[in-house]
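Please treat every number below as a calculation from the coordinates, not as lab data. A quick note: this is a predicted structure, and the numbers were derived from the prediction, not measured. Because the Cβ atoms are built from the backbone with ideal geometry, glycine has one as well, and the counts that use them run over all protein chains shown.
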Ligand SMILES: *Cc1c(COP(=O)(O)O)cnc(C)c1O
């Protein structure tokens, strides 16, 4: 059945008169989430107390929810675990990949990668102290920089600033030919574009659930490990929940079989319940439809801006096959433009130094929203409405 996007839109609590083009940064509230969380607190935690771990299956939640995410990113069943933050999941994945490729010392990434991924890689290298090197090249140079001296290719599929999308399939298969393992960050992919982890033979992948998956602020991350590797890797973060039998409280760490070994500590049960409400919305959709709608929305937006706002310089690829679900422009006073837009009910965001960014979540944004947003942006640009001191004062979160 084709996805009914009017229906999915109706399942979100979107403030009236607001066009929310920031679901790529923090997804909006699914209407059902409040009831789910209230129920969890009052009927489950409130009544079951500690027995909830067994009676309400809280301990199985990370894998159960992981399996729901697996369907959205083309992963095998029982190979995704939910928990912690994306930064931590990248740390675990990168360490595992390095250990599988012990004889080589170079991690390759690109300068468009998210700072946290780069900091995490740098921190891991320092704590391992085994002579690893982080090599950072321009995104366009990645394909040519793959050589057999590289241990791990660490990439974010969709660039958080420009929306440029790497070719996961081609790069992964080229990497494998050269004996390189891959770690893909799906922060700006999961829930928006049609990711195929199994078909692309990806080794490791991780993502967050508060962006296009709409799990709520700080909802837990997820980690994918290919069946090829999961039972051979030794987790760097050996928490009791990754133990084969956590409730034997043994002194010696014995890793659990399967993806459970990448668990660390007690799961964030309440935050994950909110995520479950968000995942319900995906149950009546399919990723090819969502990806197709993402392309339609970003195309309409770019076409309209080309016609109306030539002073905005497209920072995203013009070819829809080369981008994710957000579109960015360079503009020197971009921060002020975004503040003027927010004042008029269009929420986008700003990324230093000069990027204005608009996310198009197919589940709740439609063509009408896109046209209205362009009209408002056009008005701001034509009349320089952004040029006011109060729009230039930066807040901490941009
Ligand atoms: C949003 C984002 C993160 C965030 O990591 P957290 O640990 O969830 O804060 C990491 N990587 C990329 C590419 C992102 O876009």
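Computed quantities for the displayed model
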| item | result |
| --- | --- |
| Where residue 207 falls short, out of the listed (1) surrounded by fewer than 24 Cβ atoms within 10 Å (Cβ to Cβ); (2) touching a residue at least 60 places away in the same chain (Cβ under 8 Å) | (1) |
| Condition met for residue 344 (touching a helix residue (DSSP H, G or I) at 6+ places or on another chain (Cβ under 8 Å), farther than 28 Å from residue 214 by Cβ and free of Cβ contacts under 8 Å to residues at least 40 places away in the same chain) | no |
| Whichever residue in the range 120-132 is outside any loop (DSSP other than H, G, I, E, B) and either away from the ligand (no atom under 16 Å from the Cβ) or under 17 Å from the mean Cα position of the chain (by Cα) (or both) and, among such residues, is surrounded by the fewest Cβ atoms within 10 Å (Cβ to Cβ) | 126 |
| Selection count where residues are touching a residue at least 40 places away in the same chain (Cβ under 8 Å) and not in a helix (DSSP H, G or I), scope the range 268-314 | 7 |
| Index of the failed condition, residue 201 passing every other in (1) assigned to a loop (DSSP other than H, G, I, E, B); (2) in contact with a strand residue (DSSP E or B) (Cβ under 9 Å, 6 or more places away or on another chain); (3) crowded, with 21+ Cβ neighbours inside 10 Å | (3) |
| Residue match in the range 87-110 (condition: under 18 Å from residue 275 (Cα atoms), touching a strand residue (DSSP E or B) at 6+ places or on another chain (Cβ under 8 Å) and part of a helix (DSSP H, G or I)) | yes |
| Residue tally, condition more than 12 Å from the ligand (Cβ to nearest atom) and assigned to a strand (DSSP E or B), over the range 142-165 | 6 |
